[in-house]
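The values are calculated or read from the model by the stated rules, or taken from the named source; none is laboratory data. Predicted model only: the values in this text are computed from it and were never measured. Here the Cβ is made from the backbone with ideal geometry for all residues, glycine too, and neighbour counts use every protein chain on show. Ligands, DNA and RNA are excluded from the accessible area calculation, which covers all protein heavy atoms including side chains. Shrake-Rupley method; radii C 1.70, N 1.55, O 1.52, S 1.80 Å.
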Amino acid sequence: MRYEITVKVNGEDYEAYIPARRTLLDFLRDDLGLRGTKKGCDEGDCGSCVVLLDGTPVNSCMVLAVEVNGREVTTIEGLAKGDELHLVQRAFVEQGAIQCGYCTPGMVLAGKALLDVNPHPTTTEIKEAISGHLCRCTGYGAIVEAIQAAAESMDGGQRASGKTGRSD
Amino acid sequence: MAGFNIIGKGVPLIDAREKVTGKLEYGTDMVLPGMLHGKVLRSPLPHARVLSIDVSKALRLSGVRAIATAADAPTAPFTVPGQTLDDELLFARDKVRFIGDEVAAVAAADLDTAEEAISLIEVEYEPLPGVFDPEDALKEGAPLVHEEHGSNIANRQKFGRGDFDAALARADVVYEGRFVTSLVHQGYLEPHGVVASWDSSGRVTLYLPIQTPVMVRMSYARALGISEDRIRVIQYPLGGGFGGKQECKIHPICALLAKKTEKPVRMANTRRDEFIASLPRLPMIINMKIAGSSDGTLLGKSIRIIADNGAYTNYAPAIMYSALMRHDNLYRIPNLLAEGLLVYTNKIPTGPFRGFGNTQAHFAFESAIDMFAAKIGMDPAELRLKNARQKGDVTPHGWKLGSCGLSECIQEAMNDAGWKEKRGNAGTGRKRHGIGIACCLHVSGNRAVMPAFDGSSSYIRINQAGKALVFTSETDLGQGARTTFAQIAAERIGLRVEDVNVALVDTDTSPHGWGTWGDRATTLGGNAVLAAAEDARRQLVEIAAAKLEANPQDIVGENGRLYVAGAPNRSIMIAEAAKAFSYSKSGAILTGQGSYVPDDIVSVPDPVNKYGNVSVAYPFAAQVAEVEVDLDTGEVNILRLTAVHDLGRIINPKGARGQVIGAVAQGIGFAMTEEMKTENGKVLNASFKRYDVLRAPDMPEMSVGFVETVDPNGPYGAKGLGEPALNPTAPAIANAIYDAVGIRFHELPITPEKVLAALRRKGRRTQQPRHCRAPRGQPLHREIPPQQHPLQAGRPQPHRL
């Protein structure tokens, strides 16, 4: 069984005629060629495939492509504006939060989604926000620090005092 | 770092931007036009005769292009380079030997069709009794995994130094213990993958996320029955490796399917494939005996290992060798005895995982050292300091320690963790507090498994725009080797890091090198890059000296510019010099070539007595774990972990710190949560849902410190760090638990169930466990910034004891 869907991905409209069983992950990677979204387990356990669905992080391997009909998806390819990295991306680069980089797209999107709803997260809140994501390289330390640094740099843009996010 | 522009700076990874934007194409992202999709049929039985394989139904399925079985594959068995036990075939021929054994493979127009075709292949099996425990496998009458071997012993090693029996006779105190390590998976996030494509001249190109492009070409050539030259390996970025990406049977199988279909074929493991049919860590049963005097002098040590090879032999003989003796070089122990049996079982074959046997042995050894200290009533940290190896030592195995910061690591870890105040202070409540220490040493630039040559080679091309491209065969698996090489090249030539790129390995164009294992990348690869950079620099300086009318020895390079020392305005851009070179030679590109040949420092160990200096350098470390044990639930909470590492010289502090914390996370998993549980050969938890890799909230507070010993053989004095950082973590935690509750845990992982059962045996509590989960760390994350570290600058500090 195939279905017609219309979906906005990274601000662009796509129409597709796809099998009912196609996951959002395979749709993004194989049909749209957006292979920045990674396949780590295909079972919802590792977070490598996280994308934002209407702004909320989801494991795209656990969502069927037909379910996103009429909705909006943001993948890692849609985060930077041209050459200008998103603040979370920049913080990941600067804080050394990247090793092999396979978890990075999902982690960055999780960080962005967190800061969108909670601009001043505690380290506990950051760890909870990325607890669905596995990273086998970094031990998470630099990733948590990067998200914290991104929050602080967003803060810096808004507040002159330099007062930054809460600690625990 | 004084005197350096780029070495010692925490520059971002050179590929960080590609990674953070999702633009980096990994091995499993690779596509070729018109490619087919392959899938493997794996054995559902642990041990059975294959009576027949009927592929006719599968072949009739629309979209199926080819099916391969043992009938299509060479009949000569093969193994990995440097090993001698040829027991692998591309497909099981007459027998399957583990659940997951490759029986057939399908190439189809799409993956769905390939999967359906797999389900249509009819295989008739005659089940055979299996053997699943290595000690059972040694018993008389046990089922034989490979009948042709006549027993289940795949490899046997026995060697010694001094006279262990005499040491035993002289000893005041002897500790003996049996330790068991579990089957754990590397858990790299990107599963194995491959795209294979043949050209019209009869050569196959394999696009691989692989640690060892040159070495796999050797084994895959044997597997496919073709010459090495007919295989070109193009390395793709790896989504993690940790030793697990040195070999994968789907790579040559994919080549076979591509040959049969005359089309490019792509294959990738599912996560389940990874857990049932990759090469997880070699599990070991280790008997460890320590003999010494009551004053803490260590006289002798013996080790007996029974290692569970699984159904086929990968690098396990070399892994067992490393487990039998590497730790002997940590302390001054003169009399040593080692015996190892590598045993076949009807289980998943095993292979390298960060630490390469040293991790398993360190758990046993460093636990045993602690118990010896307890027996003589000595502080276990003092015992280690008393016996610690020192710079300049030649160990009983012939290892030459050109640098050694072990004592400094122990001291610093003790100070940072507050050892003296916290040790032996368990408290009295429901939660008992404990602190434990463990040390390690490792190799850096090991070559004991590759007899052909030592060292490494590199070349560097500098184009007319002054941009350098470094070629090496030591790979980046995500640890940042490309960035390390870029820093070394930029420092030596006088370029900016952003002007240096490092090519991924292509066996057609890269130097011939063994790839990344044995902590080779920084020491061997780094030295090769340094030599190539020196050669490029020499050529640039000649041009600059002529243009600037100065002596070549007065030319200094910095920031993309060459200038006369003391007269910075007399300068020329490197781009200008490289362009002048090129234009004077009809468009040739300035190329520096360098080889690092370790000059009688390294030798393959003697095949019988295993004596020899196997590595150019040896990194050391000490880690201290602080735990809280809940007497009611058996839960162990790791409060804090201090890791102090002697890494020679820091090339990149951010990278170094990331290596340590990441390795500790794997070490905590090894100690507390990770285990591939098997029953009659079947992996019961073949998913990340049921195989507990640490997650962000599980990490303890970390304190990371470095001791810079500046090794005489390392590039700028640097030694490897990636592997050793994992080795001391599990024994440090086990020793801390001992300090808290007085119970020695001999088996990994140390789960709440095991802790509670042991507490009950000890008669402290009788309650049921309330919940069993991974240890939870404290949320606060902290470390000592390397630049503030008291031992950062210059030579290690002397003992303060």
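Summary table
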{"quantity": "Residue satisfying all of: in region B:164-179; out of contact with any helix residue (DSSP H, G or I) (no Cβ under 9 Å at 6 or more places or on another chain) and surrounded by 13 or more Cβ atoms within 10 Å (Cβ to Cβ); farthest from B:S56 (Cα to Cα) among these", "calculated": "B:R170"}
{"quantity": "Single residue of B:A725, B:A730 found to be of a type outside the set (F, W, Y), crowded, with 24+ Cβ neighbours inside 10 Å and modelled with pLDDT of 95 or more", "calculated": "B:A730"}
{"quantity": "Strands (runs of 3 or more DSSP E) contained in region B:185-287 and holding at least 3 residues open to solvent by less than 10 Å² (accessible area, probe 1.4 Å) and in contact with a strand residue (DSSP E or B) (Cβ under 9 Å, 6 or more places away or on another chain)", "calculated": "B:193-198, B:204-208, B:231-235"}
{"quantity": "B:A696 small (G, A, S), assigned by TED's automatic domain parsing to the domain that holds B:G310 and within 23 Å of A:A129 (Cβ to Cβ)", "calculated": "yes"}
{"quantity": "Single match in B:A311, B:A316 (criterion: crowded, with 24+ Cβ neighbours inside 10 Å, of a type outside the set (F, W, Y) and more than 15 Å from B:V449 (Cα to Cα))", "calculated": "B:A311"}
{"quantity": "Residue within region B:32-43 that is open to solvent by less than 30 Å² (accessible area, probe 1.4 Å), within 14 Å of chain A (Cβ to nearest Cβ) and on the phi > 0 side of the Ramachandran plot present", "calculated": "no"}
{"quantity": "Helices (runs of 4 or more DSSP H) (entirely within region B:368-481) containing at least 2 residues that are open to solvent by less than 40 Å² (accessible area, probe 1.4 Å) and either more than 30 Å from B:S586 (Cβ to Cβ) or free of Cβ contacts under 8 Å to residues at least 60 places away in the same chain (or both)", "calculated": "B:380-387, B:406-417"}
{"quantity": "Residue in region B:511-558 that is farthest from the chain's Cα centre (by Cα), counting only those that are closer than 27 Å to B:G355 by Cα and small (G, A, S)", "calculated": "B:A528"}
{"quantity": "Residue match in region B:599-618 (condition: closer than 23 Å to B:G480 by Cβ, outside the structural domain of B:R354 (by TED's automatic domain parsing) and crowded, with 24+ Cβ neighbours inside 10 Å)", "calculated": "no"}
{"quantity": "Residue count for region B:45-80, restricted to those that are within 32 Å of the chain's Cα centre (by Cα) and over 15 Å from B:L224 (Cβ atoms)", "calculated": "3"}
{"quantity": "Close pairs from region B:278-291: first in the same structural domain as B:S322 (by TED's automatic domain parsing), partner part of a strand (DSSP E or B) and among the polar types (S, T, N, Q), Cβ under 6 Å, at least 6 apart", "calculated": "B:K289/B:S302"}
{"quantity": "Qualifying residue in region B:95-113 (condition: over 30 Å from B:I153 (Cβ atoms), within 14 Å of chain A (Cβ to nearest Cβ) and open to solvent by less than 30 Å² (accessible area, probe 1.4 Å))", "calculated": "yes"}
{"quantity": "Any pair with Cβ under 6 angstrom, 6 or more apart, that starts in region B:116-128 at a residue that is more than 20 Å from B:A66 (Cα to Cα) and ends at one that is open to solvent by 80 Å² or more (accessible area, probe 1.4 Å) and in a strand (DSSP E or B)", "calculated": "B:E124/B:L51; B:E126/B:R49; B:E126/B:L51"}
{"quantity": "Some residue of region B:519-541 being out of contact with any Gly (no Cβ under 8 Å at 6 or more places or on another chain), without any contact (Cβ under 8 Å) to a residue 60 or more places away in the chain and more than 30 Å from B:T205 (Cα to Cα)", "calculated": "no"}
{"quantity": "Unique match (being assigned to a helix (DSSP H, G or I), closer than 24 Å to A:D42 by Cβ and facing another protein chain (nearest Cβ under 9 Å)) among A:V108, A:V93", "calculated": "A:V108"}
{"quantity": "Count of region B:631-646 residues which are in contact with a Lys or Arg (Cβ under 8 Å, 6 or more places away or on another chain) and open to solvent by 10 Å² or more (accessible area, probe 1.4 Å)", "calculated": "3"}
{"quantity": "In region B:100-112, the residues that are small (G, A, S) and not in a loop (DSSP other than H, G, I, E, B)", "calculated": "B:A104, B:A105, B:A107, B:A108"}
{"quantity": "Residues of region A:111-146 satisfying the condition of being over 11 Å from B:L189 (Cβ atoms), in a loop (DSSP other than H, G, I, E, B) and facing chain B (nearest Cβ under 9 Å)", "calculated": "A:T122, A:I130, A:S131, A:G132, A:T138, A:G139, A:Y140"}
{"quantity": "Failed item in (1) open to solvent by 50 Å² or more (accessible area, probe 1.4 Å); (2) assigned to a loop (DSSP other than H, G, I, E, B); (3) within 14 Å of chain A (Cβ to nearest Cβ); (4) not aliphatic (A, V, I, L, M), with B:E18 passing the rest", "calculated": "(2)"}
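Yes/no matrix, rows are residues, columns are (1) closer than 24 Å to B:V103 by Cα; (2) within 14 Å of another protein chain (Cβ to nearest Cβ); (3) among the aliphatic types (A, V, I, L, M):
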position: B:G225; (1), (2), (3): yes, no, no
position: B:R232; (1), (2), (3): no, no, no
position: B:E247; (1), (2), (3): yes, no, no
position: B:R266; (1), (2), (3): yes, yes, no
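Residue by residue, here is whether (1) part of a loop (DSSP other than H, G, I, E, B); (2) touching a helix residue (DSSP H, G or I) at 6+ places or on another chain (Cβ under 7 Å); (3) not hydrophobic (A, V, I, L, M, F, W, C) holds:
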{"residue": "B:F670", "(1), (2), (3)": "no, yes, no"}
{"residue": "B:E675", "(1), (2), (3)": "yes, no, yes"}
{"residue": "B:K689", "(1), (2), (3)": "yes, no, yes"}
{"residue": "B:V693", "(1), (2), (3)": "yes, yes, no"}
{"residue": "B:F706", "(1), (2), (3)": "no, yes, no"}
{"residue": "B:P712", "(1), (2), (3)": "yes, no, yes"}
{"residue": "B:K719", "(1), (2), (3)": "yes, yes, yes"}
